[in-house]
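Peer 1: I am attaching a structure below and will ask some questions about it afterwards.
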Amino acid sequence: MRSILSDDSAQSSVIGTILLVAIVVILASVIGIFAIDLYQSAGDVEESPDVRFDAEQYGGDHDQFVRMYHMTGNTIGDLDTISVVVDGETVSETGADWSNSNEGLRSQSSLYIAADGSGFTTADNADFGGSSPDELDPGTEISVIWSSADADTSATLFEYEVEDR
């Protein structure tokens with residue numbers, strides 16, 4: 001009978017189980033804290049503005065150009081976050097190039113795009129400052145790009161391809 005009362009093996013397995021459960025709880029807590037921190041830091045990413053752009057193509061076989069304009073949605077107050085890319089070439093690095101943009105890029109702000117001898121040109125009105133731009137070739141791709149102020153995030157807000165007329 002003394003041998004049964006003096007046997008300590010059952011106590012060792014109970015203590016081992018308690019220690020194992022404690023380690024699992026601590027690990028789960030650490031992983032949970034890490035996951036919550038990742039989720040909260042992901043919330044700091046600036047979202048692109050909710051806007052809708054459209055484009056109109058002018059001209060026939062000659063002097064063909066495109067007017068891009070802000071139709072509806074948020075006013076884009078920070079004009080430095082907007083750029084326009086034509087066939088991979090940045091032709092406008094700021095929304096300040098657009099007409100009607102003195103208080104931000106808003107409804108009916110517009111930008112005219114045409115070709116010139118060395119690439120592309122932009123203007124805030126259809127007369128291109130009195131110059132005679134070249135026609136845009138069919139298939140020319142135009143994009144309006146938004147980049148966050150810290151340049152960590154960007155989004156293509158609008159894409160347009162020049163049509164053959």
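Please treat every number below as a calculation from the coordinates, not as lab data. Keep in mind the model is a prediction, meaning the values are calculated, not measured. Positions of Cβ are generated from backbone atoms using ideal geometry, with glycine treated the same way; all protein chains shown enter the neighbour counts.
Peer 1: Hey, what do the phi angles of segment 82-89 turn into as Karplus ³J(HN,Hα) couplings, whole Hz, using 6.51/-1.76/1.60 and θ = phi - 60°, x for Gly and Pro?
Peer 2: Each residue's phi maps through the Karplus curve to give 10, 9, 10, 10, 10, 6, x, 9 Hz.
Peer 1: List the residues, sorted by chain then number, that are 5 or more residues from T140 or on another chain and whose placed amide H is less than 5 Å from its amide H.
Peer 2: V162
Peer 1: Something else: If you work out Cα extents along the principal axes in Å from the coordinates, which of [x] 55, 29, 28; [y] 49, 37, 28; [z] 112, 33, 25 do you get?
Peer 2: [z]
Peer 1: Could you give each residue of segment 100-109 its phi-based ³J(HN,Hα) in whole Hz, using Karplus coefficients 6.51, -1.76, 1.60 with θ = phi - 60°, and x for Gly or Pro?
Peer 2: Residue by residue, segment 100-109 yields 6, 10, 5, 10, x, 6, 9, 3, 6, 5 Hz.
Peer 1: Now for a separate question. In degrees between 0 and 90, to the nearest 10, how far off the longest principal axis of the chain does helix 9-42 point, with axes built from Cα atoms?
Peer 2: Helix 9-42 sits roughly 10 degrees off the main axis of the chain.
Peer 1: Separate question: What relative contact order, as a whole-number percentage, does the chain give when Cα pairs under 8 Å and 6 or more residues apart are counted?
Peer 2: Reported relative contact order: 20 percent.
Peer 1: Take peptides 24-34, 139-149 and line them up by average Cβ neighbours within 10 Å, highest first, as a rough protection proxy.
Peer 2: 139-149, 24-34
Peer 1: If each residue's Cβ is checked for other Cβ atoms within 10 Å, how do T122, T153 rank with the fewest at the top?
Peer 2: Lowest to highest Cβ neighbour count: T153, T122.
Peer 1: Using only DSSP helix segments of four residues or longer, with each worth -39500 (n - 2.57), what per-residue ellipticity at 222 nm results for the chain after dividing by its residue count and rounding to 500?
Peer 2: -8000 deg cm²/dmol
Peer 1: Using a cut-off of 14 Å between beta-carbons, work out the net charge of the residues near F158 (Lys and Arg +1, Asp and Glu -1, F158 not included).
Peer 2: -4
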